[in-house]
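A short worksheet on the structure shown next.
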Amino acid sequence: MDKVIITAAITGSRITREQTPYIPYTPEEIAQSAIGCWNAGAAIVHVHVRDLKTGLGTQDLELFRQVVEPLREKTDLLLCLTTSGIAGRNLPVKDRLVSLELKPELASFDAGSINLGGGVFSNPPEFLDEAARAMKEKGVKPEIEIFDSGMIVTALRMRDEGKLDEPLHFQFVLGTLWGAPATPKSLLYLCELIPESATWSVIGIGIGHLPMSMMGLIMGGHIRVGMEDNIYCTRGELAKTNAQFVERIVRIAREYGREVATPDEARALLGLRKD
Ligand code: ZN
């Protein structure tokens, strides 16, 4: 079985300080937290940035730069920058794709629209076409986020049309209140739909976090952890750092007998080369 790639999703765009005082907001906090995750064994960090006044997610290029530069200087992490902006509050396409200017190795690619957080997370066909085109032009590999099975159908059609290149990399987002549930059966079904050559990782939202991580571990998939997806380390107890989640999954993976991929090993597994 391949080594397991651990992704840390540091902050997202939705969790606020009211929900947990430990959520990183400023570029410094986000970069520090990412470095902690790297030290703990994460190969990839998934990066959003926050508007410093409102605390909400933003697609401000300068803020992204303030996270990306120190991480490139101090770590060999693979960076996966978000293009979702603020899910459910839909920013203009050009704002959403601004993070690609920094030429990350990976960027999120949400392969369809879905209800999310009381609104619609809008990813219409013209956005997907434009995002795929821009990522190809800049040499950024799409991390195809899948909230429901129809999004796989969409991604495979875009591959057939030459808009997405193989090997595809999928990130299954299971257990939102509006999409595919975080159950073993749900994950097994989604895995049946993706091509043999594809790689995949799984996110279990909230209480789905550990069960889906365990499924990823035993099925040979990869695993995303972090406060974007889950803020509790055990029932009712808030995680104080993102590294706590990474440390736990690294510990479990080692006990289970599956090795954890370094960033360069993750690059090889995903078909990426380090410049
Ligand atoms: Zn995200």
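The values are calculated or read from the model by the stated rules, or taken from the named source; none is laboratory data. Small disclaimer: the values here were computed from a predicted structure and weren't measured. Note that each Cβ is placed from the backbone with ideal geometry, even for glycine, and that neighbours are counted across all protein chains shown. In case anyone asks, the SASA skips ligands and DNA or RNA and just uses the protein heavy atoms, side chains included. Shrake-Rupley method; radii C 1.70, N 1.55, O 1.52, S 1.80 Å.
Tabulated data for the structure shown
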read-out	value
Filter pass, VAL140 being within 16 Å of the ligand (Cβ to nearest atom), surrounded by 17 or more Cβ atoms within 10 Å (Cβ to Cβ) and within 13 Å of GLN59 (Cβ to Cβ)	no
Filter result for ILE30 (without any contact (Cβ under 8 Å) to a residue 40 or more places away in the chain, within 18 Å of PRO104 (Cα to Cα) and either within 11 Å of the ligand (Cβ to nearest atom) or under 15 Å from the mean Cα position of the chain (by Cα) (or both))	yes
LEU97, sole failed condition from (1) assigned to a loop (DSSP other than H, G, I, E, B); (2) open to solvent by 10 Å² or more (accessible area, probe 1.4 Å); (3) within 16 Å of the ligand (Cβ to nearest atom); (4) at pLDDT 95 or above	(1)
Failed criterion for ARG248 (all others in (1) touching a residue at least 24 places away in the same chain (Cβ under 8 Å); (2) closer than 27 Å to GLY179 by Cα hold)	(1)
Selection status of THR54, in a loop (DSSP other than H, G, I, E, B) and either of a type outside the set (Phe, Trp, Tyr) or away from the ligand (no atom under 16 Å from the Cβ) (or both)	yes
Selection from segment 244-266 of residues that are over 18 Å from the mean Cα position of the chain (by Cα) and of a type in the set (Phe, Trp, Tyr)	TYR256
Cross-chain or 6+ apart pairs with Cβ under 9 Å, segment 79-108 first and without any contact (Cβ under 8 Å) to a residue 24 or more places away in the chain, then outside any loop (DSSP other than H, G, I, E, B)	LYS94/GLU130
Scope segment 222-245; condition touching a Phe, Trp or Tyr at 6+ places or on another chain (Cβ under 8 Å) and without any contact (Cβ under 8 Å) to a residue 24 or more places away in the chain; matching residues	CYS233
Condition met for ALA132 (open to solvent by less than 10 Å² (accessible area, probe 1.4 Å) and within 14 Å of the ligand (Cβ to nearest atom))	no
Residue pairs meeting the criteria (Cβ under 6 Å; at least 6 apart or on separate chains; first open to solvent by 30 Å² or more (accessible area, probe 1.4 Å), in segment 1-19; second assigned to a strand (DSSP E or B))	none
Any hit, segment 137-153, residues being on the phi > 0 side of the Ramachandran plot, touching a residue at least 24 places away in the same chain (Cβ under 8 Å) and in contact with a helix residue (DSSP H, G or I) (Cβ under 7 Å, 6 or more places away or on another chain)	no
Search result, residues across segment 20-42 that are assigned to a loop (DSSP other than H, G, I, E, B) and buried (at least 19 other Cβ atoms within 10 Å of the Cβ)	ILE23, PRO24, GLY41, ALA42
